[in-house]
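Working notes, structure below.
The values are calculated or read from the model by the stated rules, or taken from the named source; none is laboratory data. No experiment lies behind these values; they were computed from the predicted model shown. Cβ atoms come from the backbone with ideal geometry, glycine included; neighbour counts cover every protein chain shown. Ligands, DNA and RNA are stripped out before the accessible areas are found, and what is left, the full protein with its side chains, is counted by its heavy atoms. Shrake-Rupley method; radii C 1.70, N 1.55, O 1.52, S 1.80 Å.
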Amino acid sequence: MTSTPPLMRIRGLTVESARGQRLLDQADLEIVPGELVGLVGASGAGKTTLGLAALGHVRRGCAVVGGQILLGNEDLVLASPHRLSELRRTRLTYVAQSAASAFNPAHQLMPQIVEAVVRYGLKSRSDAIRDALQLLERFDVPDPVTFGARYPHQVSGGQLQRAMIAMAMLCEPDIVVFDEPTTALDVATQAEVLAVIAEAVSMTGASGIYISHDLELVARVVHRVSVVDGGRVIRNGPTADVLAAIARDQTSASAG
């Protein structure tokens, strides 16, 4: 185990729907600075609910009924909506599955990439554009200036995903939640975007949570894996250790 103090500790988190269905059941998760953690599990396992909890968010009609979400010493379960909004502008951010849905097709890319950090006064427009161009260049987007002048439909899915990652990283967050961001991409582009995600976390020192149902895909880039099933974290550890344990379980099941 790493000796670096966790940036976030989710302890015994229990989330229920309005009908009393338990979506998370005493779930635990730790996020260490500079580390990319994979949250994997089947559909409905609770991985997205747990990942979004790192943003202090639960879906409409659901509620936290137990546990803590500690960002440093601050419990996000107890934070006011105003405080959560502030944290999501500065320290916590999100990369969705569909980049296309994150951009307005009627506007050029660069104004949309810098819009949030400028609106909330985190950076001047000139500084935001400068930093966005640097990020796009690091993410292997050809000719970032020309790219930023294009409209969403004028670039590829992989390039649009890079733009969404740049938009998320522009506020220099502490924690980024990547919610299956390569699901809609072909295999070759998936690999390229995974490399961008690893680069984004490494270059900024941020922490990342990568939510996915595909363990083999996640294993390429994450440092640790938490396996979620039935709302519980049933296995957690370094990626190689978790993969080895799952392989042993599968071998035992086949032998049985």
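Count, please, the residues in the stretch 205-241 that happen to be assigned to a helix (DSSP H, G or I), of a type outside the set (D, E) and surrounded by fewer than 22 Cβ atoms within 10 Å (Cβ to Cβ). Talk me through it step by step, then tell me what you get.
Of the stretch 205-241, the ones assigned to a helix (DSSP H, G or I) are 215-218, 239-241.
From the residues that got through so far, the ones that are of a type outside the set (D, E) too are 215, 217-218, 239-240.
Narrowing further to those that are surrounded by fewer than 22 Cβ atoms within 10 Å (Cβ to Cβ): 215, 217, 239-240.
Going through the stretch 205-241 one residue at a time, the tally reaches 4.
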*Which ones in the stretch 49-108 are open to solvent by less than 50 Å² (accessible area, probe 1.4 Å), in contact with a Phe, Trp or Tyr (Cβ under 8 Å, 6 or more places away or on another chain) and in a loop (DSSP other than H, G, I, E, B)?*
L55
*Output the number of residues of the stretch 110-166 satisfying the condition of being under 20 Å from the mean Cα position of the chain (by Cα) and of a type in the set (F, W, Y).*
1
_Among the numbered criteria (1) in contact with a His (Cβ under 9 Å, 6 or more places away or on another chain); (2) more than 24 Å from V218 (Cβ to Cβ); (3) hydroxyl-bearing (S, T, Y), which one does T183 miss?_
(2)
_Condition broken by G20, with the remaining ones in (1) open to solvent by 30 Å² or more (accessible area, probe 1.4 Å); (2) at positive phi; (3) assigned to a strand (DSSP E or B) satisfied_ = (3)
*What number of residues within the stretch 89-133 satisfy the criterion of being in contact with a strand residue (DSSP E or B) (Cβ under 8 Å, 6 or more places away or on another chain) and either free of Cβ contacts under 8 Å to residues at least 40 places away in the same chain or within 19 Å of S156 (Cβ to Cβ) (or both)?*
3
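When the stretch 141-150 is examined, which residues are found to be touching a residue at least 40 places away in the same chain (Cβ under 8 Å) and open to solvent by 80 Å² or more (accessible area, probe 1.4 Å)?
Kept after step one, since they are touching a residue at least 40 places away in the same chain (Cβ under 8 Å), are these residues of the stretch 141-150: 148-150.
Across the stretch 141-150, the qualifying residue is only R150.
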